[in-house]
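Asks: Can you read through this structure? Questions will come right after.
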Amino acid sequence: MSARALPLLVTGVALLLAGCSGGSDTSATGSGSGLFPAATSSGEPGETSEAKPTTEPVGDDAVGRYETYLHAIGNEDVATACEIGRIAAEKRGRGEPGSCEHSMEIRFGMYSPDEKRAMRAATVDRSGVDASATRVDIPTRAVKVDVELIETELDDATMELRDGKWFRTR
């Protein structure tokens with residue numbers, strides 16, 4: 001494990017334990033005014049947290065929505081990142097309500113200021129994606145950023161069309 005990942009792992013475990021403790025302290029669980037914003041979402045596609053999106057949308061197609069998602073991560077915009085990426089985030093968080101907001105906050109801490117700047121300007125080479133009518137697979141190599149290191153931090157992504165909108169599902 002890299003020295004960079006260890007503090008994030010420790011923070012994640014501490015947050016998990018704090019959330020599972022059942023205590024009345026809400027500072028780390030998202031239901032108070034602590035580290036995470038409160039969420040009102042039930043995890044349905046298209047629902048967002050109470051926070052207002054600040055990232056300008058790139059487009060309504062799958063690639064545009066994924067670029068908007070990347071820019072939201074660079075902007076630390078939880079509302080937009082979870083609106084587009086909630087399904088994938090909650091799969092990683094075992095479907096627990098609010099897990100998108102928690103995982104996004106942790107994810108934001110994984111990137112350096114230079115990497116966040118690169119995420120805000122990230123684009124996707126459309127010729128590198130595999131698309132069907134309802135699913136678009138975006139390999140990491142199709143994402144164009146100014147910082148080489150960031151490519152090791154990104155995963156391949158899958159965008160799926162649900163109820164007329166594209167959402168990140170993997």
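The values are calculated or read from the model by the stated rules, or taken from the named source; none is laboratory data. Quantities reported herein were computed from a predicted structural model and do not represent experimental measurements. Neighbour counts run over all protein chains shown; Cβ positions are idealised from the backbone, glycine included. Remember, those area values only see protein heavy atoms, side chains included, never the ligands or the DNA or RNA. Shrake-Rupley method; radii C 1.70, N 1.55, O 1.52, S 1.80 Å.
Asks: Among the numbered criteria (1) closer than 24 Å to residue 164 by Cα; (2) touching a strand residue (DSSP E or B) at 6+ places or on another chain (Cβ under 7 Å); (3) not acidic (Asp, Glu), which one does residue 82 miss?
Replies: (2)
Asks: Report yes if residue 169 is open to solvent by 40 Å² or more (accessible area, probe 1.4 Å) and in contact (Cβ under 8 Å) with a residue 24 or more places away in the chain, otherwise no.
Replies: no
Asks: Could you tell me whether region 121-135 includes any residue that is surrounded by 16 or more Cβ atoms within 10 Å (Cβ to Cβ), part of a loop (DSSP other than H, G, I, E, B) and at pLDDT 95 or above?
Replies: Within region 121-135, one or more residues are surrounded by 16 or more Cβ atoms within 10 Å (Cβ to Cβ), part of a loop (DSSP other than H, G, I, E, B) and at pLDDT 95 or above.
Asks: Now a separate question. Is it true that some residue in region 72-86 is under 15 Å from residue 168 (Cβ atoms), outside any helix (DSSP H, G or I) and in contact (Cβ under 8 Å) with a residue 24 or more places away in the chain?
Replies: For region 72-86, residues under 15 Å from residue 168 (Cβ atoms), outside any helix (DSSP H, G or I) and in contact (Cβ under 8 Å) with a residue 24 or more places away in the chain: present.
Asks: Shifting gears a bit: Would you mind telling me which numbered condition in (1) modelled with pLDDT under 95; (2) touching a Pro at 6+ places or on another chain (Cβ under 7 Å); (3) crowded, with 19+ Cβ neighbours inside 10 Å residue 73 fails?
Replies: Only one criterion in (1) modelled with pLDDT under 95; (2) touching a Pro at 6+ places or on another chain (Cβ under 7 Å); (3) crowded, with 19+ Cβ neighbours inside 10 Å is unmet by residue 73, namely (2).
Asks: Given the criterion at pLDDT 85 or above, surrounded by fewer than 23 Cβ atoms within 10 Å (Cβ to Cβ) and polar (S, T, N, Q), identify the matching residue among 80, 48, 55.
Replies: Just a single option satisfies the conditions, and that option is 55.
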